[in-house]
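The structure appears below as structure tokens.
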Amino acid sequence: MTIIGSVAILAIPPIQISGFLRLDPAHTRQVVRILKDVRIPNPEAVVKMYPHELSGGMRQRVMIAMMMACEPKLLIADEPTTALDVTIQAQILGLMKDLRDREGTAIMMITHDLGVIAETCDAVSVMYAGSVVETGSLEQVLGSPRMPYTIGLLHSIPRIKEEGEVRTDLPIIPGQVPDPNTVFDGCRFHPRCPFADDLCRSTPPPMEEVSEGHFASCHHTELTVDLEAAQLAFSAKQFLQSEVSVQ
Amino acid sequence: MTIQSPEPNDSRAASGDEPLITISNARKWFPIKTGMFSPVEAHVRAVDGVDMKIHRGETVGIVGESGCGKTTLGRLVMGLIPMTEGTIAFEGEDIRDINQKELRRRLQIVFQDPGGSMNPRMSVRSIIGEPLIINGLADGAKLTKKVAELLSVVGLKPNHMNRFPHEFSGGQKQRIALARALSLDPDFILLDEPTSALDVSVQAQVLNLLDSIQKERGLTFIFITHSLNVVNHISDRVGVMYLGKIVEISETDELFANPAHPYTHALLSAIPQPSVDAEKTERIVLSGDVPSPANPPNGCSFHTRCPIAVKGKCDVDEPELQSVNGGHKVACHFPVEAGGSLPIHTE
């Protein structure tokens, strides 16, 4: 299907879809306008192209155009920039933020790239093995994480070194994400957690409000108030050498 | 476009600083045809004139966006696809003249998708052991012992060898792929986006493992990735590719502190950092898309998106890779000075 077909099928009222192959000029103009909104260069030519003729960034912009054509209340973006390089990623994220501010669309950004989250989001929920383990505002979750998984995850991202800084081992979370079939009695993160005790192994932790609007699912949130100490707990020798390393 | 003659091999005598791999003016053009018998209409210039030296024991990172030719360059180095032009020498000898079995033993590769690079019907013992059998290095009990050793090197347990690939997680599969690459005790391993398919916490484990194995065995790595954070962490030197060419190459610290090419500047400023307190520096957003490698622009291939391109120069003359500061080389007519910045380009 050409771009005009793809976009038009969402952009025009459903009753007229059956005739979209014989689109009248008004519809073409409407599609061109939508493509212009997402800053596609030369939209008059692009409407007649097929997806394989476009680059990855252009295709992603057409996808956004298709979604925005319906003027949705909520846009769910599932790893929207994973396949793109950082310069194109910056363009696409800028575009999504523009559309959000202009149309008031809510965006749910699903991604594993915490940089993208820091760039675009207001609130964050961290998921682990099927459940949300921490949720709060961007500043709360990325700035003062309280669930040990979030702490380990943020700590294990390679950062750009200062000039002259020596390369050291990256901090890690030992072990692997559990198989989705595993049945847990207690906290799902306990096999990889440095703070795990008998309570964690037997009882699933409740969502605890650690500060206003900031929830963490952990029995031991009192141990994670001090972020640096909690990060150190992950790299402690006796913890890394315990049974978790490789199942 | 200028064609440089391959550099003379006189440095071969001095074995101390002889590069392990020397790439001279490597080109790979893929023909575009519309039908099986139709004439070639154009070429996709996937790799278009790359010169590079890789020394023993170092990790060279190659960054660039999808489609810029990183993987094709890697395949050329491995001798997996024939070159259109240029030479690649391994220890001073053209890889096309080296016995293929010998070459395969000394150069190994780890692919991006660990699951896709393994036969699902083979046990881990067969996967890791196959290279050893093919080269007649081990069989029977000796093979089992060798595979067990390799598994423990990559942090897995010997009893994993009777399992099949689907029983492992992505990170564990990548460890198996690495064990397979190590089985023949190679000099060089090409790592083609080895952590892109992995979770961040597992990525850190694999990066640490690579680092420690390199130190133990004195291996040489080319690390292909599009993640600048990863390349900053793992590499000694970094080459930035754009449209089939190396546009800048330097020691990692120098490149990140004093990028000279406008494209590198834009790349570095566009990395989203996962922290809330980092002051939001004004980023250089490049307008437009990467031109098609089938029809690259005249002159500098970056001039269509470059905020400091000069008409009449950048769109006519192709810049050559030249040194700005020792080993720091850049292909730009107007390299950004150390500590300098680019004018913010707005669309």
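The values are calculated or read from the model by the stated rules, or taken from the named source; none is laboratory data. Bear in mind that the values here come from a model prediction, so they are computed numbers and not experimental data. Note that we place each Cβ from the backbone using ideal geometry, even for glycine, and neighbour counts take in every protein chain shown. Accessible surface areas use protein heavy atoms only, side chains included; no ligands, DNA or RNA. Shrake-Rupley method; radii C 1.70, N 1.55, O 1.52, S 1.80 Å.
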Out of all the residues in segment A:158-190, which are more than 8 Å from chain B (Cβ to nearest Cβ), open to solvent by less than 40 Å² (accessible area, probe 1.4 Å) and either free of Cβ contacts under 8 Å to residues at least 12 places away in the same chain or out of contact with any strand residue (DSSP E or B) (no Cβ under 7 Å at 6 or more places or on another chain) (or both)? A:Gly175, A:Pro178, A:Gly186, A:Cys187, A:His190
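Check segment A:123-139 and report whether any residue there is within 7 Å of chain B (Cβ to nearest Cβ) and at pLDDT 90 or above. Lay out the reasoning, then the answer.
Residues of segment A:123-139 within 7 Å of chain B (Cβ to nearest Cβ): A:138-139.
Still in the running and at pLDDT 90 or above: A:138-139.
Within segment A:123-139 (the criterion being within 7 Å of chain B (Cβ to nearest Cβ) and at pLDDT 90 or above), the answer is yes, since at least one residue qualifies.
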Would segment A:141-155 turn up any residue that is touching a helix residue (DSSP H, G or I) at 6+ places or on another chain (Cβ under 8 Å), β-branched (Val, Ile, Thr) and farther than 20 Å from A:Asp122 by Cβ? yes
Looking only at segment A:24-57, which residues are of a type in the set (A, V, I, L, M, F, W, C) and crowded, with 21+ Cβ neighbours inside 10 Å? A:Val31, A:Ile34, A:Leu35, A:Val38, A:Ile40, A:Val46, A:Val47
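Filter segment A:197-234 down to the residues that are of a type in the set (A, V, I, L, M, F, W, C), surrounded by 12 or more Cβ atoms within 10 Å (Cβ to Cβ) and outside any loop (DSSP other than H, G, I, E, B) and list them by number.
Step one: list which residues in segment A:197-234 are of a type in the set (A, V, I, L, M, F, W, C), which gives A:199-200, A:207, A:210, A:215-216, A:218, A:223, A:225, A:227, A:229-230, A:232-234.
Filter once more, so that each one left must be surrounded by 12 or more Cβ atoms within 10 Å (Cβ to Cβ): A:199-200, A:207, A:210, A:215-216, A:218, A:223, A:227, A:230, A:232-234.
A:Leu199, A:Cys200, A:Met207, A:Val210, A:Phe215, A:Ala216, A:Leu223, A:Leu227, A:Ala230, A:Leu232, A:Ala233, A:Phe234, listed by residue number.
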When you check B:Asp317 against the structure, is it surrounded by fewer than 23 Cβ atoms within 10 Å (Cβ to Cβ) and touching a residue at least 24 places away in the same chain (Cβ under 8 Å), yes or no? no
Filter segment B:179-201 down to residues that are assigned to a helix (DSSP H, G or I) and open to solvent by 10 Å² or more (accessible area, probe 1.4 Å) and give me whichever is modelled with the highest pLDDT. B:Arg180
Of the residues in segment B:248-269, those that are touching a Ser or Thr at 6+ places or on another chain (Cβ under 7 Å) and more than 12 Å from chain A (Cβ to nearest Cβ) come to B:Glu248
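Hey, among B:Glu149, B:Glu102, which residue is within 30 Å of B:Met241 (Cβ to Cβ) and in a helix (DSSP H, G or I)?
Values: B:Glu149 fails: within 30 Å of B:Met241 (Cβ to Cβ).
Only one candidate passes the filter, namely B:Glu102.
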Result of the Cβ filter at 9 Å on segment B:200-215, keeping first residues that are free of Cβ contacts under 8 Å to residues at least 24 places away in the same chain and facing chain A (nearest Cβ under 7 Å) and partners that are among the aromatic types (Phe, Trp, Tyr) and buried (at least 21 other Cβ atoms within 10 Å of the Cβ), at least 6 apart or interchain, is B:Ser201/A:Tyr149
Being under 13 Å from B:Gly244 (Cβ atoms) and in contact with a Lys or Arg (Cβ under 7 Å, 6 or more places away or on another chain) is the filter; apply it to segment B:72-82 and report the residue that is most open to solvent (accessible area, probe 1.4 Å). B:Thr72
Among the residues listed as A:Pro145, A:Pro194, the single one being in a loop (DSSP other than H, G, I, E, B), surrounded by 20 or more Cβ atoms within 10 Å (Cβ to Cβ), within 20 Å of the chain's Cα centre (by Cα) and more than 9 Å from every other protein chain (Cβ to nearest Cβ): A:Pro145
Scan (1) on the phi > 0 side of the Ramachandran plot; (2) part of a loop (DSSP other than H, G, I, E, B) for the single condition B:Gly86 breaks and write down its number. (2)
When you go through A:Ala90, A:Ala69 one by one, which is the residue that is surrounded by 13 or more Cβ atoms within 10 Å (Cβ to Cβ), of a type in the set (Gly, Ala, Ser) and over 19 Å from B:Arg305 (Cα atoms)? A:Ala69
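Residues to consider are B:Leu103, B:Leu137, B:Leu143; find the one that is in contact with a Gly (Cβ under 7 Å, 6 or more places away or on another chain), surrounded by 14 or more Cβ atoms within 10 Å (Cβ to Cβ) and farther than 23 Å from B:Lys173 by Cα.
Working: B:Leu137 fails: in contact with a Gly (Cβ under 7 Å, 6 or more places away or on another chain); B:Leu143 fails: farther than 23 Å from B:Lys173 by Cα.
Matching residue, one of B:Leu103, B:Leu137, B:Leu143: B:Leu103.
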Residues in segment B:235-246 that are in contact with a helix residue (DSSP H, G or I) (Cβ under 6 Å, 6 or more places away or on another chain) and among the aliphatic types (A, V, I, L, M): how many? 3
